[in-house]
Amino acid sequence: MAGSQLKQLKASLAAKGLVGQTNGKKGKKIAASDTRRDQAAKTRDLDEIRGEFNRFDTKVNRTKRDYTIVQGGAFVTAGKQQNNRSSRTNGGVEAAMRAEYEAEKKQRNRTGGMVDRRFGENNAKMTQEEKMLQRFTRERQLKSGAFSLGSDDEFGNDDDDANGGFTLTHSGRSLEFDSPLLGHLEEIPNYVDEDAVETGPARKKSKREVMAEIIAKSKFHRKERQKAFEKTQEEIMDLDEEFGDVVGALRGQRTARPAAIVPKSQQDIEYDAKMRELTYDRRSVPADRTKTDEEIAQEHREKMQRLEQDRINRMTALRGDEDGADADDLDDDFWAGSDDEEGQAIGEDGEEEDDEESGSQDEGSGESSGRPKSSRYQNAPVAKMPSNHAEFAEAVENMENSQVMDHIKTIGRVFHPRLAEGNKQKMDQFVAIIFEHILFLGQQSQPNAELIDDLIKLLRTMAEQYNELLVQTIRDIMKQVETRVVSQTVEKQDLVFFVALGYLFSASDHFHLVITPALILMNQFLSTCMAEEKTALPQRLGQGLVVCEILLRYQDFAKRFDPEVVRFVEKTLQWLLPEPTKISTTLSSGRPRGHLNLDKSFKPKAVQGSLSILLLFVDTKNSNQLKFELIARTVDVIDNCTSLWRDKSAAIEVLSSWQKLLQHTARYYGAFLPKLADNLSRHQKLLSNMQQSRKPLALQEHRKIAIKTFAPRFEENFNPDKKSYDPDRERQEVNKIKAQIKKEKKMGLKELRKQTRFGAIQQIEEKKQMYSDYHRKMANIVNSISTVEGAEKNQYEREKKRRQNQK
């Protein structure tokens with residue numbers, strides 16, 4: 001093609017018929033489909049011409065500077081045309097891949113070869129002769145209905161359909177093999193010389209004889225079926241004729257009237273009543289088998305294992321068996337109403353009570369009007385259910401400890417939920433009143449510790465069944481305790497409150513409705529105490545130590561680390577020990593500036609027993625002795641913490657800090673604290689063992705990577721055609737083959753990935769095109785419907801307007 005690019009472009013357009021004169025006629029109408037095909041062809045032609053003249057579509061790797069490289073064993077210039085063959089062949093490779101994809105798509109879901117569908121070909125149980133016979137039979141059956149002058153049916157057949165409805169006749173009579181005209185031939189005897197007969201194997205039947213037998217058998221069976229069908233039809237007709245007589249006979253029979261109800265005699269009534277009583281008699285209930293001591297011990301052991309597993313699951317926030325009820329599981333029976341309890345109707349002795357015999361409870365007198373069967377309930381003393389704590393405190397004011405316990409148990413028996421409706425709510429309220437009474441006893445000047453312990457044990461048993469109002473009461477009291485903690489006015493009942501919660505509920509649960517807020521509140525109290533460095537009192541520190549002991553008691557099983565306890569213990573020793581500035585740096589940063597430090601010349605007395613909690617809420621004259629007792633109590637708390645947290649990852653840091661504090665304490669009061677020396681030695685051994693067993697963190701081992709060098713490596717005998725300088729020729733050949741295999745494998749995988757990626761792209765494009773065609777089709781349908789509706793609407797409006805004008 002010569003000339004400028006403009007001339008070449010015009011020539012290309014003219015060759016494609018895009019410019020120049022057209023031969024179309026004005027009067028000829030062009031279909032829409034032809035127009036769309038012409039438009040698509042024009043678009044393809046324009047794209048082809050545009051690709052020929054747009055040189056920017058050619059991908060060429062250009063470099064900033066030209067330099068010489070080795071390629072194919074020759075020196076070539078990078079960035080030149082000779083180095084860009086791969087870029088020029090990309091279009092051809094893509095076209096080949098597209099053609100291969102189209103061919104594969106056409107052959108998809110197709111299988112090559114012929115499928116033999118002849119009868120019996122896939123049946124391995126049939127012989128070749130049976131297959132041929134069945135095929136011939138089917139072919140004859142298909143051709144039996146068609147008439148042909150050149151038919152090859154040579155043997156006789158009494159069925160007209162087999163010969164197409166035609167029969168050979170002579171003189172008006174049909175010619176058949178069983179005709180009487182030929183009967184005289186059968187009467188002539190045939191005499192054969194037995195000696196002349198040659199004995200030999202049975203002659204094989206011809207195909208004609210076999211087919212004759214098959215057709216004869218088929219006709220015989222068909223006639224038998226026809227006879228059976230005719231016989232059945234005759235029986236049906238006979239039954240139809242006799243149906244009227246049978247119906248008339250049935251209508252003539254009269255139905256017998258039911259006998260009149262005979263009233264029961266007095267003896268029958270008494271017998272039924274006696275049987276009903278025996279049904280509900282406890283003697284009719286089978287007794288449980290007496291278990292041996294080994295079985296009882298085994299059941300107890302399994303129960304304890306199950307309870308321990310449930311506790312571990314709650315501690316680790318794992319949900320165990322949802323069906324098993326527990327004393328601290330508030331999800332199973334916490335919101336259960338009284339109807340669930342009353343519906344059981346099973347007493348402690350295993351007896352069942354009838355609904356007619358269940359009595360009603362008189363709320364005014366507190367006496368049960370029911371008639372329970374157990375004599376224990378009949379002899380129960382009269383007890384009144386208190387409506388609030390004031391009434392209960394007034395009722396038990398002058399009672400001894402045993403009398404108070406008996407009074408509570410009596411109320412529990414009289415107001416048992418199965419005795420009357422509404423007792424469940426009353427017992428819930430009564431359990432909450434008992435808890436309030438425990439706090440009331442703890443707030444007195446001389447608390448009755450024995451009675452408090454007994455009440456807590458009894459309350460724990462009752463809380464397993466009645467805990468709805470108890471939890472709500474505890475949360476209300478907790479708000480009051482929080483107010484006193486913030487205002488720094490903690491009372492004795494607050495400490496009793498925290499101790500009672502640890503006995504009533506499981507403190508090892510990961511989350512608990514009561515224990516979790518209590519833990520937060522106690523840690524808040526410790527933080528408040530540590531903020532009072534300049535105004536702190538010994539009594540305040542003693543209260544904090546008691547709270548620390550309660551927190552440690554809560555974590556007996558879970559063994560969770562509490563940083564507030566660690567910080568409070570260190571602050572307490574720094575504020576009470578003499579010369580705190582000589583203490584080395586601890587986990588609690590900062591130097592103490594308190595005013596409670598003992599003088600180094602102070603000689604304390606030996607500690608007698610444990611520290612009394614009453615001393616923590618009164619002003620004592622000998623405050624120095626109280627401070628020393630607090631130091632001894634702090635040393636005990638440190639010992640408990642060490643036993644509890646020795647397996648923690650931060651135990652080394654915590655023990656190192658406490659070791660310094662204990663050494664400083666032993667310097668002044670080692671002679672007055674006999675256990676301090678043992679604690680120091682045990683801490684030292686434990687700390688040394690932990691330091692030896694601890695392994696520092698190490699980086700992951702990686703393959704060593706050589707340092708990148710920028711100095712080129714020179715070879716004296718450099719040869720661009722030589723790939724290896726190995727002197728061993730055989731090893732060099734092996735390495736060469738390995739390199740070739742690796743290269744071919746890599747290129748093969750690369751081609752597979754490329755083909756897979758190309759196929760995925762083509763599938764996505766096909767789906768996009770399919771969706772586009774579908775939406776275009778639906779849009780055309782909607783537009784056509786809208787056009788028709790619009791035309792109909794316009795016609796309707798014109799007709800309506802025309803009729804209005806005619807009026």
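The values are calculated or read from the model by the stated rules, or taken from the named source; none is laboratory data. Here the structure is a predicted model, which means the values were calculated and not measured. Glycine gets a Cβ as well: all are built from the backbone with ideal geometry, and neighbour counts include every protein chain shown.
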Can you find even one residue in the stretch 284-303 that is part of a helix (DSSP H, G or I), more than 44 Å from the chain's Cα centre (by Cα) and either modelled with pLDDT under 70 or at positive phi (or both)? yes
Of the residues in the stretch 457-467, those that are in contact with a Phe, Trp or Tyr (Cβ under 9 Å, 6 or more places away or on another chain) and either surrounded by fewer than 17 Cβ atoms within 10 Å (Cβ to Cβ) or part of a loop (DSSP other than H, G, I, E, B) (or both) come to K457, R460, Y466, N467
In the stretch 98-120, is there at least one residue being touching a Lys or Arg at 6+ places or on another chain (Cβ under 9 Å), at pLDDT 75 or above and among the aliphatic types (A, V, I, L, M)? no
Is at least one residue of the stretch 446-456 outside any helix (DSSP H, G or I), among the hydrophobic types (A, V, I, L, M, F, W, C) and in contact (Cβ under 8 Å) with a residue 12 or more places away in the chain? no
So in the stretch 571-617, with the set limited to residues that are of a type in the set (A, V, I, L, M) and part of a loop (DSSP other than H, G, I, E, B), which one is modelled with the highest pLDDT? L577
Considering only the stretch 651-698, how many residues are over 47 Å from the mean Cα position of the chain (by Cα) and not assigned by TED's automatic domain parsing to the domain that holds L573? 0
Closer than 30 Å to E94 by Cα, out of contact with any helix residue (DSSP H, G or I) (no Cβ under 9 Å at 6 or more places or on another chain) and of a type in the set (D, E, K, R) - does that describe any residue in the stretch 756-763? yes
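Here's the yes/no breakdown for (1) under 18 Å from I456 (Cα atoms); (2) touching a residue at least 12 places away in the same chain (Cβ under 8 Å); (3) in the same structural domain as K457 (by TED's automatic domain parsing); (4) among the hydrophobic types (A, V, I, L, M, F, W, C):
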residue: A383; (1), (2), (3), (4): no, yes, yes, yes
residue: P386; (1), (2), (3), (4): no, yes, yes, no
residue: F392; (1), (2), (3), (4): yes, yes, yes, yes
residue: E400; (1), (2), (3), (4): yes, no, yes, no
residue: V404; (1), (2), (3), (4): yes, yes, yes, yes
residue: L419; (1), (2), (3), (4): no, yes, yes, yes
residue: G422; (1), (2), (3), (4): no, yes, yes, no
residue: K426; (1), (2), (3), (4): no, yes, yes, no
residue: V431; (1), (2), (3), (4): yes, yes, yes, yes
Residue within the stretch 769-786 that is under 22 Å from M97 (Cα atoms) and assigned to a helix (DSSP H, G or I) present: yes
Can you tell me which of (1) within 26 Å of G442 (Cβ to Cβ); (2) surrounded by fewer than 20 Cβ atoms within 10 Å (Cβ to Cβ); (3) in contact with a helix residue (DSSP H, G or I) (Cβ under 6 Å, 6 or more places away or on another chain) is the one T634 doesn't meet? (2)
Count of the stretch 418-437 residues which are crowded, with 22+ Cβ neighbours inside 10 Å, part of a loop (DSSP other than H, G, I, E, B) and under 43 Å from the mean Cα position of the chain (by Cα): 0
Assigned to a helix (DSSP H, G or I) and touching a Pro at 6+ places or on another chain (Cβ under 8 Å), is that true of L662? no
Specify which of the listed residues (L699, L686) is in contact with a Leu (Cβ under 8 Å, 6 or more places away or on another chain), hydrophobic (A, V, I, L, M, F, W, C) and either modelled with pLDDT under 90 or within 30 Å of K648 (Cα to Cα) (or both). L686
